[in-house]
Amino acid sequence: MNEQQLDKSFLGQPKGLSTLFFTEMWERFSYYGMRAILLYYIYDTVANGGLGLPKEMALAIMSIYGSLVFMSSIVGGWISDRVLGARKTVFFGGLFIMVGHIVLATPFGVAALFLSILLIVIGTGMLKPNVSGMVGHLYSTTDTRRDAGFSIFYMGINIGALIAPFVVGTLGQTYNYHIGFSVAAFGMFFGLLQYHFQGKKSLSNIGLAPTNPMDADERKKFMRSFLIAVVVAVLIFGGAFILGRLTIAFFINIVSIIGILLPAYYFIKMLTSKDVTDEEKPRVLGYIPLFLAGIVFWSLEEQGSSILALFANERTHDTLFGFSIAPSWFQSLNPIFVVVLTPIFVALWTRLGKRQPSTVVKFSLGLVFAGLSFVLLMLPGLLYGTEGRVSPLWLFFSFFIMIVGEMCISPVGLSITTKLAPKAFESQTVAIWLLADAASQAINAQIARFYTPQTESAYFGIVGIVAVIAGVILILCKNPIKKLMGSVH
């Protein structure tokens, strides 16, 4: 037995798990705390401490932000594997995040907003995928504590996401947005402190060196590709500036295009690669409908921090059963329901055993539930009109139904991706699944403009029904998809 296997100092797990648990908890606290009030900060009036941008632009910015975060995770994984190693990548990522929150806490308006977005996108991309990867290195392949260790780690994610809206949201909306962003920065600061000092003792040699460092030829190729990318970016944005088109809307559209084209690039690359065998190509084709289903699902789920956050602020009463409720608090419903429902669904699938639904059926159910959560929000406008406010319970039950759907899709999404991805693309399977979320939010940035008080019921109804129909179509295509998947179930 190695040292890590003998170590049971943190809830029966290696003490390194404690370091990574609290690092991720504080990072999620800072991110979800910031996200709980960012939409309101962007569109609130200058007199109230906001930026005063149009609501439809605020909604689009939130979606583009989320899309960039998921796209940057691919870059962050590459930096760790090829350049810095996971340990340094996570630390520098945390620094970028902390500085990003500090910039957002300054009173420098729209310029500070976009600089902070850049810093936090880079930082989250460097930290998030690599801290998860380091958890796996705490255990040998035969260590039976691995699954339990990951469960504890993911609980840290949900604890941070759950607490943040109550703390940061309350301070930001009750006192001052910049105070809220400052608290988010302190959260990341505490995470970095314990990661740096405790990690020296608990993480041993894990992540100190890149797993696949570049050789001299690869560095030359990378520099060529990087310079080409810089030139293309300068031509696009420079040309837009010369033509007077360099606006926030232009940037949003460019990111939306990238978010949609990247997955297409990956699938074309897999289907045309000489390294992908004739047996693997049908599996890739079988995975495409599931990937598209993931895009539809995440498109609805991710609107919890944009469209539903706007609904919480403008369409729901601020009291429930005599208790005051801040709109930002609704962002805690997602992690609360994840914590509550996860053991229930684990027990359900375990009890059903071989009788549990197939992956395709689970995806279909996830889409139907997601759609129904939006159809539910169509009803307040139809029943009471869109001028007044309604009970917060409408949002409460909408979030609940959505997370029931998430229980059917999210846990199995990465699993089926790893099973169906070609062997030559094994190291990129996490990136492929993350791109479904990136693409979904790129789409959200474009459809958010259609949500207005006048179109509220139609918006929720159409988007919800589209998801339900997608779920029905997927289940009707179950047998052809299973045939393409071959022996993978």
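The values are calculated or read from the model by the stated rules, or taken from the named source; none is laboratory data. Being a predicted model, the structure only gives us computed values, none of them experimental. Methodologically, a virtual Cβ is constructed for each residue, glycine included, from the backbone with ideal geometry; neighbour enumeration extends over all protein chains shown. The area values use the complete protein model at the heavy-atom level, side chains included, leaving out ligands, DNA and RNA. Shrake-Rupley method; radii C 1.70, N 1.55, O 1.52, S 1.80 Å.
Pairs of Cα atoms nearer than 8 Å and 6+ residues apart set the relative contact order; for the chain it is 23 percent. The packing ranking of peptides 298-309, 413-424, highest mean first, is 298-309, 413-424, where packing means the average number of other beta carbon atoms within 10 angstrom of each residue. Extension gain for VAL466 to VAL46 (0.36 nm times residue separation, less C-alpha to C-alpha distance): 147.5 nm.
Positive-end ranking of VAL110, LEU95, GLY49 along the dipole of the stretch 39-136, with charges on Cβ about the Cα centre, is headed by LEU95.
What residue among PHE397, LEU285, PRO453 has its Cα farthest toward the positive end of the dipole of the stretch 275-488, where the charges are +1 on Lys, Arg and -1 on Asp, Glu, each on the Cβ? Positive-end residue among those listed: LEU285. Simple spin-label estimate for ILE179 and SER151 gives 4.0 nm between the two label positions (7 Å along the Cα-to-Cβ direction from each Cα). Note on the chain: dipole from Cβ charges, positive end direction compared against PRO129, LEU246, ILE325; the farthest Cα belongs to PRO129. Nonpolar atom fraction for the stretch 9-205, defined as the carbon and sulfur part of the 1.4 Å probe accessible area, stands at 70 percent. Summing Cβ point charges (Lys, Arg +1; Asp, Glu -1) relative to the Cα centre of the stretch 275-488 gives a dipole of roughly 760 debye.
The spacing between the stretch 194-261 and the stretch 417-464, judged by their C-alpha centroids, is 21 Å. Full extension of the segment from LEU382 to ASN212, taken as 0.36 nm per residue of separation minus the current Cα-Cα distance, would add 55.5 nm. Counting only Cβ charges, +1 for Lys and Arg and -1 for Asp and Glu, the dipole size of the chain around its Cα centre is about 900 debye. Here the contact order of the stretch 275-488, divided by its residue count and restricted to Cα pairs under 8 Å and six or more residues apart, works out to 40 percent.
Judged by the mean number of other Cβ atoms found within 10 Å, the most tightly packed of the peptides 164-174, 388-398, 99-109, 344-354 leads the ranking 164-174, 99-109, 388-398, 344-354. Length available on full extension from LYS55 to PHE323: 0.36 nm per residue minus the Cα-Cα distance, which gives 93.7 nm. Normalised per residue, the accessible area of the chain is 46 Å², obtained with a 1.4 Å probe and no contribution from ligands, DNA or RNA. In this calculation the C-beta distance from THR106 to SER273 is compared with R0 = 60 Å, giving a FRET efficiency of 0.80.
Quick check on my link table: of LYS354/LYS419; LYS221/LYS281; LYS281/LYS478; LYS220/LYS281, which ones sit more than 24 Å apart, alpha carbon to alpha carbon? LYS221/LYS281; LYS220/LYS281, as the Cα separations exceed 24 Å there.
How large a share of the accessible area of the stretch 275-488, in percent, is made up of carbon and sulfur atoms when the probe is 1.4 Å and the other protein chains stay in place? Taking all protein chains in place, the stretch 275-488 shows 68 percent carbon and sulfur surface. Close amide H partners of LEU320, meaning residues 5 or more places away or on another chain with modelled amide H under 5 Å apart, are ILE325.
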